[in-house]
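Data first, discussion second: the structure below is written as structure tokens.
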Ligand SMILES: C[S@@+](CC[C@H](N)C(=O)[O-])C[C@H]1O[C@@H](n2cnc3c(N)ncnc32)[C@H](O)[C@@H]1O
């Protein structure tokens, strides 16, 4: 399973972080975390629908809004930005790793092999009461 940090006890925590970043595979991360069972939209108990619900409620409060939202450390994901769209004129996704930025560019360009975020977009539309 792809994690952000190594579990090898012989490594210093800095080494472990460095190694985790060097070997990070966005595709494996997305497959591990953003497809069922973790992204099971039929259950509100599931972690991904729960995160989307929290984000939808937070942005619906109207307390977080502005011109530019900078998401520092987006990783290879955009689900965290969906409920923010109506509350900011511009959203900037950023990440330390080129592999993650490239994964996001693939989605923006609609290239083959890009991760399919449409179930997430549909779910957010549903919980926000949109068609
Ligand atoms: C927890 S992950 C992102 C997770 C993803 N948004 C999600 O919800 O699954 C944190 C990200 O922050 C990035 N990161 C760490 N330090 C950073 C920095 N100083 N500037 C930008 N990105 C950074 C890492 O490359 C990593 O992709």
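The values are calculated or read from the model by the stated rules, or taken from the named source; none is laboratory data. Worth saying up front: this structure is predicted, and the values here are computed from it rather than measured. Cβ coordinates were reconstructed from backbone atoms using ideal geometry, including for glycine residues, and neighbour counts include every protein chain displayed.
Annotation: residue 44 fulfils all but one of (1) out of contact with any helix residue (DSSP H, G or I) (no Cβ under 7 Å at 6 or more places or on another chain); (2) under 30 Å from residue 86 (Cβ atoms); (3) at pLDDT below 95; the unmet one is (1). If you check 66, 110 for being out of contact with any helix residue (DSSP H, G or I) (no Cβ under 9 Å at 6 or more places or on another chain) and at positive phi, only one passes: 110. For the range 7-22, filtering for residues that are surrounded by 15 or more Cβ atoms within 10 Å (Cβ to Cβ) and outside any loop (DSSP other than H, G, I, E, B) leaves 2. The criterion of at least 2 residues that are more than 14 Å from the ligand (Cβ to nearest atom) is met, among helices (runs of 4 or more DSSP H) falling completely within the range 24-131, by 47-60, 98-109, 118-127. With respect to (1) more than 13 Å from the ligand (Cβ to nearest atom); (2) closer than 16 Å to residue 120 by Cα; (3) at pLDDT below 95, the lone exception for residue 6 is condition (2).
Taken over the range 23-47, the criterion of being under 21 Å from residue 94 (Cα atoms) and surrounded by 12 or more Cβ atoms within 10 Å (Cβ to Cβ) is satisfied by 24, 25, 26, 27, 28, 29, 30, 31, 33, 34.
Residue 75 falls short on exactly one of the conditions (1) touching a residue at least 60 places away in the same chain (Cβ under 8 Å); (2) under 17 Å from residue 105 (Cβ atoms), and that condition is (1). Does at least one position in the range 88-101 carry a residue that is without any contact (Cβ under 8 Å) to a residue 12 or more places away in the chain and under 24 Å from residue 18 (Cα atoms)? Checked against the condition, which is being without any contact (Cβ under 8 Å) to a residue 12 or more places away in the chain and under 24 Å from residue 18 (Cα atoms), the range 88-101 yields at least one hit.
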